[in-house]
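Below is one structure, written out as structure tokens; comments come after it.
The values are calculated or read from the model by the stated rules, or taken from the named source; none is laboratory data. Every value quoted in this text rests on a predicted model; they were computed, and no experiment measured them. Every residue, glycine among them, receives a Cβ derived from its backbone with ideal geometry; neighbour counts consider all protein chains shown.
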Amino acid sequence: MSQEALKTRKYWFTEDDLLVPIDWDYFESLPNRVKLALELYMEGRVSIGRAAEIAGIPVTEFDYIRAKARIPIRGPDD
């Protein structure tokens with residue numbers, strides 16, 4: 001599902017933008033609220049802070065999960 005979205009440019013980045021592929025197995029192992037928050041973040045619809053709120057966890061924990069899943073961080077121009 002998410003791999004297809006990446007190929008169809010649903011996210012603000014493309015596969016070619018990634019230094020290492022996203023860890024989709026880890027992503028799929030996460031609770032639904034966290035996956036939803038990550039999806040919204042990857043779509044560029046919410047900030048990292050708002051995504052953490054949706055996931056119901058602190059921003060630092062959400063950012064750790066984002067990094068562990070190898071999802072790139074959005075800069076102010078993305």
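Quick notes on this one:
- If you go through the stretch 57-71 and keep only what is surrounded by 15 or more Cβ atoms within 10 Å (Cβ to Cβ) and in a helix (DSSP H, G or I), you end up with Val59, Phe62, Asp63, Ile65, Arg66.
- Single residue of the stretch 1-48 satisfying the filter (over 22 Å from Glu61 (Cα atoms) and not in a loop (DSSP other than H, G, I, E, B)) that is modelled with the highest pLDDT: Glu15
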